[in-house]
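This report concerns only the one structure given below.
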Amino acid sequence: METDSVTGALNRTGFFHKVREILESEPEQDFAIAYFNIQRFKTVNDLFGYESGDELLKRAAQILAGCFLNPLAVGRLEADRFVALTKKEDMDLERLPELLHRTYTKGELNLDLYGKCGVYFIPRHTKLSVSEMCDRAKIAKSNISNQFVQPYAVFNEQMRVDYEQRSIALFHLDDGIKNGEIQVYYQPIYDAWTGGIALAEALARWFSGEFGSISPAKFIPTLEESGYITKLDYHVYQTVYNLIEKRRKEGKRVVDIGVNLSRMDLMDKHIMDTILEDVKNSDLPSGSISYELTESAYAGMSEDGNSFLTKMHEEGTKLLVDDFGSGVSSFSTIRDFDFDILKLDMGFVQKIGLNRKNNNIIISLIELAHRLDLKVIAEGVETKEQADFLRNYGCDYFQGYYFAKPMPQEEFEALLDKQS
Ligand code: C2E
Ligand code: CA
Ligand code: CA
């Protein structure tokens, strides 16, 4: 009942049981739990069939059981996920890489297989269950899942907090929207010449009752991976729509506001159709809401995405290239599509005055943008020197902490009221 019939290792119940016994029988010994998986294991199944997959799993269990870790228990939790209990002194981290790279031979074929491993050093007299210990080792592993070089990681508490904050986005998005935990902040964008507020960017903020405020840097990537980002982006769009509509009804001043589009939005026909319908049926003057998209979102876009952007443009919606110059830049982005505004990446702005080449790139980019009939917003302007330099070379708009940070709606409205 406690053995895994495929590999001969312990199954989940068996492993939990055995580890509990060992920990209880040696309370003065320090232990560690390692969590392993085989990268691209599925490929083996796909290429060679399930029988070979099973054979590989069996081999992996044997390798683990006989390796330098001297495991006291080896278990398979599911698919290609193995766990091992070792004495702390046997957990030789430096030798893990050698364990985690194997060549699997099948007939004439050699297959290089790599594993990833997360390690949890079990504190003495802990109240955690064995399952929770395995979860911690697994969290450490998931921390390096996207890294090519680093094959193992040791758990620390910050990893768990990060992990929870990232996962909350997946499970609580609908509730978060419903309960008002997700708010839209506004960051004004200033006219370089008049100094007045010319535009604004809408930025999502998540204030979770359980986890406090969660940075977009954490929840946006998680939502992007899962595709749920479209819901968030649509919610932001609606919130911005309501704000502009409300202020117009009240006869108050309002500026055009940019909403961020994720690369996932540009792959999702449903959300694109919805946005386009909304724009067509909108009672707001065209251009009231603009869209920011990064070059990589633009580059990875489907045919549908392209026709969506073209139609949006025909409806008078302004399109902004976000973070221009960061990551993989290509001039074909601004050549092949008629964007309206180029947002110069913060990375350039923040090196103004520190690097001569950087200054010259900025000067050239502003000129290039103008030659292509694009306006330029400099992002992340934090000092007067940066603003002066940019203004000198013809930059059109400023966005950054030197002028204003992203702020809640009431504050943004008060600022607009003051300026009108
Ligand atoms: P982004 O679109 O490039 O937004 C600008 C980011 O720079 C914002 O960070 C803003 O708070 C920050 N920022 C503005 N001025 C300064 C400055 O002077 N100095 C520094 N150091 N930072 C400044 P935030 O709000 O944390 O957003 C991070 C990223 O998350 C955004 O980068 C955007 O890619 C994404 N994001 C935020 N809200 C949404 C959303 O509603 N939908 C989507 N798809 N992405 C969003
Ligand atoms: Ca943006
Ligand atoms: Ca940006």
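The values are calculated or read from the model by the stated rules, or taken from the named source; none is laboratory data. Since the model is a prediction, treat every value here as computed from it, not as a measurement. Here Cβ is always computed from backbone atoms with ideal geometry, including for glycine, and neighbour counts include all displayed protein chains.
When segment 154-195 is filtered for residues that are acidic (Asp, Glu), in contact (Cβ under 8 Å) with a residue 24 or more places away in the chain and part of a helix (DSSP H, G or I), the ones remaining, listed by number, are 162, 164, 174. The residue that is farthest from ligand 2 (Cβ to nearest atom), among those in segment 230-265 that are of a type in the set (Lys, Arg) and either in contact with a strand residue (DSSP E or B) (Cβ under 7 Å, 6 or more places away or on another chain) or not in a helix (DSSP H, G or I) (or both), is 252.
Note on segment 66-153: enclosed strands (runs of 3 or more DSSP E) holding 1 or more residues that are surrounded by fewer than 21 Cβ atoms within 10 Å (Cβ to Cβ) and touching a residue at least 60 places away in the same chain (Cβ under 8 Å) are 73-78, 101-106, 109-122. List every residue pair whose Cβ atoms sit under 6 Å apart, with the two residues 6 or more apart in sequence or on different chains, where the first one lies in segment 204-221 and is of a type outside the set (Gly, Ala, Ser) and the second, anywhere, is at pLDDT 85 or above and part of a helix (DSSP H, G or I). Note: pairs meeting the criteria are 206/219.
Within segment 183-206, not a single residue is of a type in the set (S, T, N, Q), within 23 Å of the chain's Cα centre (by Cα) and within 20 Å of residue 279 (Cα to Cα).
Table: residues versus (1) assigned to a loop (DSSP other than H, G, I, E, B); (2) within 16 Å of ligand 2 (Cβ to nearest atom); (3) among the aliphatic types (A, V, I, L, M).
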site: 274; (1), (2), (3): no, no, no
site: 279; (1), (2), (3): no, no, yes
site: 293; (1), (2), (3): no, yes, yes
site: 313; (1), (2), (3): no, no, no
site: 342; (1), (2), (3): no, yes, yes
site: 351; (1), (2), (3): yes, no, no
site: 354; (1), (2), (3): yes, no, yes
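Based on this model, can you work out whether residue 394 counts as away from ligand 2 (no atom under 16 Å from the Cβ), in a loop (DSSP other than H, G, I, E, B) and either modelled with pLDDT under 95 or under 25 Å from the mean Cα position of the chain (by Cα) (or both)? Here the answer is no, as residue 394 does not meet what is asked. Please verify whether residue 363 is touching a Phe, Trp or Tyr at 6+ places or on another chain (Cβ under 7 Å) and within 15 Å of ligand 1 (Cβ to nearest atom), treating the condition exactly as stated. Taking the combined requirement at face value, the residue does not satisfy it. Of the residues making up segment 202-235, those that are away from ligand 3 (no atom under 16 Å from the Cβ), under 19 Å from residue 266 (Cβ atoms) and of a type outside the set (Val, Ile, Thr) are 223, 225, 226, 227, 228, 231, 232, 234, 235.
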